[in-house]
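Structure record follows, encoded as structure tokens.
The values are calculated or read from the model by the stated rules, or taken from the named source; none is laboratory data. The model shown is predicted, which means the values in this text are computed figures rather than measured ones. Heads up, the Cβs are rebuilt from the backbone with ideal geometry, glycines too, and the neighbour counts pull from every protein chain shown. Side chains are part of the model used for accessible areas, which takes the heavy atoms of the whole protein and leaves out ligands, DNA and RNA. Shrake-Rupley method; radii C 1.70, N 1.55, O 1.52, S 1.80 Å.
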Amino acid sequence: MSAEFPTACDSLATGSTGVDKSGDRVRGMFSEIAPRYDLVNRMLSGGIDVWWRHVTVSRAPPPESGAILDVCTGTGDLALAYAEKAGPGVRIVGSDFCRPMLDRGIEKSARSGRTVEWIEADAMALPFADRSFDLVTVAFGLRNIADTRQGLAEMARVLKAGGRLAILEFSLPRNAAVRSFYLFYFRRVLPLIGNAVARNASDAYTYLNRSVEEFPSGDRLSAIVADAGFSAVQAVPLTFGIATLTIATRSGTDG
Ligand SMILES: C[S@@+](CC[C@H](N)C(=O)[O-])C[C@H]1O[C@@H](n2cnc3c(N)ncnc32)[C@H](O)[C@@H]1O
């Protein structure tokens, strides 16, 4: 195990990590930054996050009929991207446990005319029947769920056999030079800008870089996903590997 990720695998077994991801802390932090969340995303990523969601919709396209669930939907950008692409017969649900984040998504869907069902729910106890979705997505959310394995177990439970899972998450570049440049930006510059623009008492943008640095990515995340009941797990690095799209298929057959 690398020195930079001292506790990630062990912590996944217990659901506790070095970073405080308790529900109250995470919900409180996103409640504080919700009004400026989208603005800060665009500023800090230079708009690349919009393209990453576009790649997600292209690589894990909406089914022709059936239902899509976007877990940890936040202000709903990925759910809304699917609503733009999917046909009229597809049900799109966005769930999150932070009401102020969801409220932004509700405003955006009203403005854009794209229909999404917004549900306030904890990703570790989803209020949906077994095997009720054809596609489950989660963008920059899995890392924030207090117990990664429980979150993945819930996503597997609500997916139909053969249904697909798409996880878009930050990761760290593998190339040493790119990685050290990126880590400087990520550790020193990003928290200063993020916390200044989205004024908050939770130090949300220091939490961001800490939670990314300790979260497994690449092959390690793929192994955890496979362990949760998925096959054909494929990890696609995006933009020098600062984000990774992991796509997998729910194993088994529907009885
Ligand atoms: C970084 S935001 C990502 C939002 C959105 N998916 C995007 O791409 O911008 C993470 C979201 O995960 C939500 N979240 C974290 N843990 C959660 C949990 N256990 N259940 C439901 N939502 C959770 C937070 O409330 C927050 O809205």
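Take the residues in segment 227-239 that are assigned to a strand (DSSP E or B) and of a type in the set (S, T, N, Q); name whichever of them is most open to solvent (accessible area, probe 1.4 Å).
GLN234
Check segment 138-147 and report whether any residue there is more than 10 Å from the ligand (Cβ to nearest atom), in contact with a strand residue (DSSP E or B) (Cβ under 6 Å, 6 or more places away or on another chain) and β-branched (Val, Ile, Thr).
There is no residue in segment 138-147 that is more than 10 Å from the ligand (Cβ to nearest atom), in contact with a strand residue (DSSP E or B) (Cβ under 6 Å, 6 or more places away or on another chain) and β-branched (Val, Ile, Thr).
Residue by residue, here is whether (1) out of contact with any Gly (no Cβ under 8 Å at 6 or more places or on another chain); (2) part of a loop (DSSP other than H, G, I, E, B); (3) at pLDDT 95 or above holds:
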residue: PHE186; (1), (2), (3): yes, no, no
residue: ALA201; (1), (2), (3): yes, yes, no
residue: THR206; (1), (2), (3): yes, no, no
residue: ARG210; (1), (2), (3): no, no, no
residue: ASP219; (1), (2), (3): yes, no, no
residue: VAL225; (1), (2), (3): yes, no, yes
residue: THR249; (1), (2), (3): no, no, yes
residue: GLY255; (1), (2), (3): yes, yes, no
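Here's a check for you: in segment 89-98, which residue that is assigned to a loop (DSSP other than H, G, I, E, B) and within 16 Å of the ligand (Cβ to nearest atom) is farthest from ARG250 (Cα to Cα)?
Here the answer is CYS98.
So which residues in segment 49-67 are of a type in the set (S, T, N, Q) and either within 9 Å of the ligand (Cβ to nearest atom) or open to solvent by less than 70 Å² (accessible area, probe 1.4 Å) (or both), if there are any at all? Steps first, please.
Step one: of segment 49-67, the residues of a type in the set (S, T, N, Q) are 56, 58, 65.
Selection gives THR56, SER58.
Please find, among ARG149, ARG111, ARG143, ARG104, the residue that is surrounded by 22 or more Cβ atoms within 10 Å (Cβ to Cβ) and part of a helix (DSSP H, G or I).
On the way: ARG149 fails: surrounded by 22 or more Cβ atoms within 10 Å (Cβ to Cβ); ARG111 fails: surrounded by 22 or more Cβ atoms within 10 Å (Cβ to Cβ); ARG104 fails: surrounded by 22 or more Cβ atoms within 10 Å (Cβ to Cβ).
Matching residue, one of ARG149, ARG111, ARG143, ARG104: ARG143.
Do you know which of the residues in segment 27-48 that are without any contact (Cβ under 8 Å) to a residue 40 or more places away in the chain, open to solvent by less than 60 Å² (accessible area, probe 1.4 Å) and within 11 Å of the ligand (Cβ to nearest atom) is nearest to TYR205 (Cα to Cα)?
Only one residue fits best here, namely ASN41.
Looking only at segment 99-134, which residues are out of contact with any strand residue (DSSP E or B) (no Cβ under 8 Å at 6 or more places or on another chain) and either near the ligand (Cβ under 10 Å from one of its atoms) or under 24 Å from GLY162 (Cβ atoms) (or both)?
Listed by number, the residues that qualify are PRO100, MET101, ARG104, ASP122, MET124, ALA125, ALA129, ASP130.
Identify all residues within segment 153-210 that are farther than 23 Å from LEU221 by Cα and crowded, with 16+ Cβ neighbours inside 10 Å; write none if there are none.
Answer for segment 153-210, where residues must be farther than 23 Å from LEU221 by Cα and crowded, with 16+ Cβ neighbours inside 10 Å: LEU190, PRO191, GLY194, ASN195, ALA198, ASN200, SER202, ALA204.
Has segment 240-250 got at least one residue that is open to solvent by 20 Å² or more (accessible area, probe 1.4 Å), closer than 24 Å to LEU152 by Cβ, touching a helix residue (DSSP H, G or I) at 6+ places or on another chain (Cβ under 7 Å) and basic (Lys, Arg)?
Within segment 240-250, one or more residues are open to solvent by 20 Å² or more (accessible area, probe 1.4 Å), closer than 24 Å to LEU152 by Cβ, touching a helix residue (DSSP H, G or I) at 6+ places or on another chain (Cβ under 7 Å) and basic (Lys, Arg).
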